[in-house]
1. Can you find a residue that is free of Cβ contacts under 8 Å to residues at least 12 places away in the same chain and not in a loop (DSSP other than H, G, I, E, B) anywhere in segment 254-274?
2. Given the structure, is L314 under 21 Å from S108 (Cα atoms) and surrounded by fewer than 23 Cβ atoms within 10 Å (Cβ to Cβ)?
3. Go over the candidates P220, P172 one by one and state the one that is open to solvent by less than 60 Å² (accessible area, probe 1.4 Å) and without any contact (Cβ under 8 Å) to a residue 60 or more places away in the chain.
4. Could you please tell me which pairs satisfy a Cβ distance under 9 Å, a separation of 6+ or placement on different chains, a first residue in segment 110-122 that is more than 6 Å from the ligand (Cβ to nearest atom), and a second residue that is open to solvent by less than 20 Å² (accessible area, probe 1.4 Å) and modelled with pLDDT under 95?
5. Kindly provide the set of residues from segment 347-364 that are crowded, with 18+ Cβ neighbours inside 10 Å, more than 19 Å from the chain's Cα centre (by Cα) and of a type outside the set (A, V, I, L, M), ordered by number.
6. Sort through M121, M52 and tell me the only one that's in contact with a helix residue (DSSP H, G or I) (Cβ under 9 Å, 6 or more places away or on another chain) and assigned by TED's automatic domain parsing to the domain that holds Q306.
7. If you go through segment 125-138 one residue at a time, how many are within 12 Å of the ligand (Cβ to nearest atom) and either open to solvent by 10 Å² or more (accessible area, probe 1.4 Å) or assigned to a strand (DSSP E or B) (or both)?
8. Mind telling me which of the residues A122, A180 ends up being in contact with an Asp or Glu (Cβ under 9 Å, 6 or more places away or on another chain) and crowded, with 19+ Cβ neighbours inside 10 Å?
Amino acid sequence: MTGTSATPDPLIERRDRAFGRGAKLFYDEPLHLVRGQGANLFGADGRRYVDMYNNVPCVGHAHPRIVEAMARQQATLNTHSRYLSEPAIALAERLTALQRVTDSAVFSCSGTEAIEVALRMARIATGQHGIVCTDHTYHGNNTVVGALTNLPAGDTRHPAIRSIPFPETLRPLVPGEASADAYIARLKAAIDDLKSTGLGFAALILCPILANEGLPDIPPGFMAKAAALVRAEGGLVIADEVQAGYGRTGQWWGYDKVGLTPDIVVTGKPMGAGLPLAATCAKRDVVEAFRAEARYFNTFAASPLQGAVGLAVLDVIEEEGLIDHARTVGAELKAGLQQRLGHTPGLLDVRCKGLFLAAEFVDADGNPDAPRAFALVCALRREGFLTSVDGAFNNCVKIRPPLVLPREDALAFLDAFDRVTASA
Ligand SMILES: Cc1ncc(COP(=O)(O)O)c(C=O)c1O
């Protein structure tokens, strides 16, 4: 039985003790899951829930090809990276060929690790230290990478990090002016500031679709102008594709969707369909400079198991045509939600990149309405659809299902959206 405020699930108490209180759970009524298949999750309450949130199982929960690849490789050979073995090499070759802009890969076990590798790589390649990020971002959780999290523009707490306001057209930096120029000026000022401290400028890091910022519509030309400025200033562009990559946007990479050419590409979450697997890819000289200086070793990374599972994920995405499917179903969801603009109270904006959507809610005064977004997400969960909240104000319903989401479930979601927005 799923917990309610009247009958708390005993598992919550055990969890609090086992993990220590403070480990966040989704929803006002936390959900106890026992099984997943495709885009479905099954609760201990016996109910089916449509997974509209998880991108790690981008090929679908418990995909038999992934399970088989995992079991076969583990039953055959799994060691670390200091022996010759085929699978991880083949994965690096295939991944970089798909990315086109990179040659070589450093594998790791989480997005955080892969971002940290990217930062070190950029610092080694440029001989400079300063990093620019956006102000409502999240790139990971360790001390170095976590310092980039939600760092207000102008904050100088971390000497080698500056943030700039994330570019958007909805609430532009200069009211009424949805152009890229004001944001580019802030980027230039951040770079100049880093240079003036003597730490120099190594890289701009961003998620190409600004996923954690709430998937804003980006002023036209921002990405190309930003990349040109970064290069003119001697820095590198790091694309964090941990959420944006692997077909999410209806193209392989978020940077293709937004017209950005990165120097370093970081991938994670969906790469291993649940097996911890992440990568930092760049041109060969950049990777080799990093390897020479960092002597990087990561016990579980670049293993035969990571290679075999990573290859199976790429096979499934390609053979099942999941990117085309994501584009089609995403377009249908987008059209459906946009039809509701002007009819659904509080619904301010609907944004979409492939099969990744954000529905933004405001109150009667037009201010961000985070409590409403949370209430809707909880009501959707009771309707059997799992989403979450996101965005700079936590006032967006975040819709980011496995790429295999069936069209019928997407249409049923729109009906549920109508029911919950009418009552919550
Ligand atoms: C854009 C982005 N980058 C990096 C990370 C960190 O990945 P991980 O949790 O695997 O360390 C996340 C995690 O949510 C993310 O959303």
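The values are calculated or read from the model by the stated rules, or taken from the named source; none is laboratory data. None of these values were measured; they are calculated from a predicted model. Heads up, the Cβs are rebuilt from the backbone with ideal geometry, glycines too, and the neighbour counts pull from every protein chain shown. In case anyone asks, the SASA skips ligands and DNA or RNA and just uses the protein heavy atoms, side chains included. Shrake-Rupley method; radii C 1.70, N 1.55, O 1.52, S 1.80 Å.
1. Taking segment 254-274 first, the residues free of Cβ contacts under 8 Å to residues at least 12 places away in the same chain are 256.
The next check asks that each one be not in a loop (DSSP other than H, G, I, E, B); those that pass are 256.
Yes: segment 254-274 contains one or more residues that are free of Cβ contacts under 8 Å to residues at least 12 places away in the same chain and not in a loop (DSSP other than H, G, I, E, B).
2. On the way: under 21 Å from S108 (Cα atoms): yes; surrounded by fewer than 23 Cβ atoms within 10 Å (Cβ to Cβ): yes.
Yes, satisfied.
3. Criteria check complete, one pass: P172.
4. none
5. Hits for segment 347-364 are D349, F361.
6. One residue alone meets the criteria, M121.
7. Residues in segment 125-138 being within 12 Å of the ligand (Cβ to nearest atom) and either open to solvent by 10 Å² or more (accessible area, probe 1.4 Å) or assigned to a strand (DSSP E or B) (or both): 4 in total.
8. Of A122, A180, the one residue that is in contact with an Asp or Glu (Cβ under 9 Å, 6 or more places away or on another chain) and crowded, with 19+ Cβ neighbours inside 10 Å is A122.
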